[in-house]
Structure formats: C-alpha cells, structure tokens
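What follows is one structure encoded as structure tokens, with my remarks underneath.
The values are calculated or read from the model by the stated rules, or taken from the named source; none is laboratory data. Quick caveat, the model's predicted, so the values are computed rather than measured. Neighbour counts run over all protein chains shown; Cβ positions are idealised from the backbone, glycine included.
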Amino acid sequence: MDTDGREDEADTQPAGGQRVAGESRFALLGETLLTGLLVLVGSLPVVTLPAALAAGSAHLRRHLGGYDTSVRMFARDWVAAARSLWVLGALLPLAASAVVVNTGLTASGVLPGASVVRWVTWGAAACVAVVLVRVAAAWSDDEPAPGSPGTEPGPVSGPGGVWVLVSRGAVRARDDLSGSALVLAALVMCVVLVWMLTPLVLVTGGLLSLAAVAVETRRMNRL
C-alpha cells in the first residue's frame, strides 16, 4: 500500500527538467516585460522606434520558437532593423508633428470644419500606427513561425527594402481587418496605461511586440 502510494505521488510530481503547467506562460510574461524595457531603450532616439518594435517582435518570435533571446541578439536585430527602417524612423516625427498641429488648429476653432478635420486626423494617425506595428512584425518574417521546428534563424533583414515591407504591412492591415482591430486595441490599451500611470511606459513596447507577433500567428493559422 505504502509503495503504491509513493509511486502514485511520484507520478503526479514533475521530474527534474520537465516543465510544469504554467511555466511557459510565466516565461513569456517575463520575456515580454524584458522586451518592453529593451524596446524603450531602443526607442530613446525617437527615430529608431520602428526599428525597436521590429527588434522586439523578432525577440519574442525567437523566444516562442525556443531560440536565443539574449540582449546581444536584440541589439543585433536593432542595428539591422535601424538600417532597414530608417526612412520610417525619419518620417515618424513629421507625422507626429502633423497630428499635433492639426489637433491644435481644430481645438483653436479657427479652422472651418474643425470637428471633421480632427476625427480625420485621428483616424489617419490610428491607421498609420496599425500599419507601423504590422510592418514591425513583417520585418522578421524570415524567421520560423512561433513554435515551428527548424534551424535557428540567422540575422534578420527586411527583404526587398523598406517600401516592400510597408506595402506588405498595409496589405495585411487591409486584408486582415480583425487582426488590425486587435492591434488597434493594443495601441489604445498602451495609451490608456501610460495615461493612467506613466511608469507603465516600461512595458508598452513589450505589449505591442507581443500583439504584433500574436496577430501574425493568428493570421498564418487562418490561411
């Protein structure tokens, strides 16, 4: 009786080296928090925000695929993404300035049709932000899909140049409207989090990177 009881107890306990239920979820949570910090540091020059998001998405793809997720690998991805997406980084401050100026003009009341212009401006900004996140995910498409077997990917590069990536991101945003809605929801959530508590900006980059990878995985599974 005692022997059988000990055997049953041993069967219910995880052996050394085996994963327990929930371990992978906690690992993903930790990696997402780390990615948020890395994306924030990589975004400090502002113009490198697209590159930081792309490197963050690639970082989480590697984690989900079981590959190396060291800070050194993130730095390598960041440098490669900055070289590929520098045009988007240069245009980002101009787009942000246009949104701020339009919003200020509509608030002043001197612009005819201010309410319409305000909503059009915000709608266009939302569309650009969604496409930007999807471009960041498309940048690391050469890597294996999360959870798929294969060899460890080499250096990530944007195939065909930045405009091919922009086109790919825009097409995916248009064809996968539900996924784009999820990306927009993630963006709104990040804005609300930072508005409620500014230090939460530390995690927003990881949340956006995770949303980008999740939406792309969902899209691939539906094909």
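Below is a table of values for the structure above.
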| item | result |
| --- | --- |
| Hits in region 31-46 (condition: exposed (fewer than 12 other Cβ atoms within 10 Å of the Cβ) and either closer than 18 Å to residue 199 by Cβ or modelled with pLDDT of 95 or more (or both)) | 44 |
| Failed condition for residue 46, given (1) of a type in the set (A, V, I, L, M, F, W, C); (2) within 22 Å of residue 129 (Cβ to Cβ); (3) part of a helix (DSSP H, G or I) | (3) |
| Residue match in region 63-81 (condition: closer than 18 Å to residue 165 by Cα, modelled with pLDDT under 95 and charged (D, E, K, R)) | yes |
| Qualifying residue in region 113-134 (condition: assigned to a helix (DSSP H, G or I), among the basic types (Lys, Arg) and at pLDDT 90 or above) | yes |
| Qualifying residue in region 165-172 (condition: crowded, with 17+ Cβ neighbours inside 10 Å, under 22 Å from residue 30 (Cα atoms) and either touching a Phe, Trp or Tyr at 6+ places or on another chain (Cβ under 8 Å) or at pLDDT 90 or above (or both)) | no |
| Test: residue in region 120-133 that is of a type in the set (Phe, Trp, Tyr) and in contact (Cβ under 8 Å) with a residue 40 or more places away in the chain | no |
